[in-house]
Amino acid sequence: MKFIKKYSLVFQFCMVLAGSSIITSVNAQDARFTVVLDAGHGGHDPGAMGSFSREKDINLAIELDLGALIEQNFKDVRVIYTRKTDKYLTLQERADVVNDHHADLFICVHTNASTSPAAFGTETFTLGLAKTKANLDVAMRENSVILLEEDYRSKYKGFDPKSVDSYIMFEFMQDKYIDRSVEFSSAVQKQFVSYCGRTDHGVRQAGFWVLHRSACPSVLVEVGFISNPAEERYLTSNQGQNEMASAIYNAFIDYKRTHDKRSGRQVVNVHKLEPVDQQTAPKQSKTVKSVVEVQKPVERETVKTQKTEETVHVNKNQSNQQEAVSAQTPVFKVQLFASRRELPKDAADFKGVENIDFFVEKKYYKYTIGAETDYKKIERIRKDMLSKFPEAFIIAFQGEKKLAPGEVLQLTR
């Protein structure tokens, strides 16, 4: 009897262990992937300032759009926001959110700035030693938020965001998350080009305190330059914010899929977002005297390859020039910028440029100059405009049909 009781107890104990093991395994399978989204700056810290906008607002808008996309399409992902409103958090508080929630990925959204208004493009940072002055300048600017805190030297263990010497510490750090961080950063930059048509400045490394203190793959995304008039207008528009969030979301899909495969999890079949065709339903154009707003850099138009079938009705002044050539002969123009509203002829921001035309596509007024069948001539016009409109690029029409960027490129070869 004692023998039976003894082995009965052993059997029960083994069953408990087995059950515990099964539960642990199931919990491990069911544990949701956690991504922490951080909108840089906030509250009394506006971040970089543009001519009419603040970095903190751009960052938050993109972060919220990105979070909404993930929440809507990934039921197995938990989205944590460092902030969903205009509030201030220290860098350490942001890192604490990451660590307290045991995040699998940390995405910081920031907007770049430069002393030169001509600087434009996107770049994504991972933790590391800044090997160029440009990278160091970005890290110094983003880390300088700690100067708003009292007794920051003791809180951040003597780290001085203004001192180059403080960044030497990152040379000796071995970040175990660096490979995954670079992997996600590369996916982000690829999507910025393929989805948004932005300029790719690549994946970079620099000493960001918030990345250093976060225990998971972490990246800091600079979505563009608020100091560039074109990019500021793009990044403050609903379209621009949605596109940037969608690009990061597409990169997240790739990263999550790879993560699930490595972890032995069931891969969730989520489709990437396709770029929205911007070339639909143009309206009748008019001749104006000047221009000012730029929608995007040149890369925005060259990256798109979809063909378009819509027509553009040019005004009589411009059509007289085009009637002299065959309807099948391509006519090149220089697109200077795009605006959400029609600009008055006496706008103070006009730069003394005359004979400017525009047409309307997807609720944007797209301003152009020139109408040439000779590509070399239109290229000279573009070069003449670059000093005033650095984002100017060439488009083409065949009859009343606006050609897709891929078709324009074929014509220039």
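So the values come out like this:
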read-out	value
Selected residue (criterion: surrounded by the fewest Cβ atoms within 10 Å (Cβ to Cβ)) from residues of the stretch 73-114 that are more than 18 Å from G43 (Cα to Cα) and over 23 Å from the mean Cα position of the chain (by Cα)	K75
Matching residues in the stretch 140-162 - criterion: being farther than 19 Å from G42 by Cβ and either touching an Asp or Glu at 6+ places or on another chain (Cβ under 6 Å) or among the hydrophobic types (A, V, I, L, M, F, W, C) (or both)	M140, F159
Filter pass, F120 being more than 27 Å from S387 (Cα to Cα) and under 18 Å from the mean Cα position of the chain (by Cα)	no
Contacts under 7 angstrom Cβ, first residue in the stretch 233-247 being under 17 Å from E274 (Cα atoms), partner among the aromatic types (F, W, Y) and surrounded by fewer than 24 Cβ atoms within 10 Å (Cβ to Cβ), 6 or more apart	E243/Y195; S246/Y195; A247/Y195
Matching option when the condition is touching a residue at least 24 places away in the same chain (Cβ under 8 Å) and under 23 Å from S339 (Cα atoms), among V223, V219, V188	V223
Residue check, F337 under 15 Å from K388 (Cα atoms), among the hydrophobic types (A, V, I, L, M, F, W, C) and either surrounded by 18 or more Cβ atoms within 10 Å (Cβ to Cβ) or at pLDDT below 75 (or both)	yes
The one condition in (1) polar (S, T, N, Q); (2) under 17 Å from A39 (Cα atoms); (3) in a helix (DSSP H, G or I) that T258 fails to fulfil	(2)
Any hit, the stretch 89-109, residues being among the hydroxyl-bearing types (S, T, Y) and at pLDDT 95 or above	no
Single condition V314 does not satisfy, out of (1) among the β-branched types (V, I, T); (2) more than 29 Å from M244 (Cβ to Cβ); (3) at pLDDT 70 or above	(3)
Meets criteria (touching a residue at least 24 places away in the same chain (Cβ under 8 Å) and either buried (at least 19 other Cβ atoms within 10 Å of the Cβ) or not assigned by TED's automatic domain parsing to the domain that holds S218 (or both)) for F159	no
Among (1) surrounded by 23 or more Cβ atoms within 10 Å (Cβ to Cβ); (2) not assigned by TED's automatic domain parsing to the domain that holds E93 - the single one V223 does not satisfy	(2)
Test: residue in the stretch 198-206 that is at pLDDT 85 or above, touching a Cys at 6+ places or on another chain (Cβ under 9 Å) and crowded, with 18+ Cβ neighbours inside 10 Å	no
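The values are calculated or read from the model by the stated rules, or taken from the named source; none is laboratory data. Nothing here was measured: the structure is a model prediction, and the numbers come from that model. Don't worry about glycine lacking a Cβ; one is built from the backbone with ideal geometry, like all the others, and counts go over all protein chains shown.
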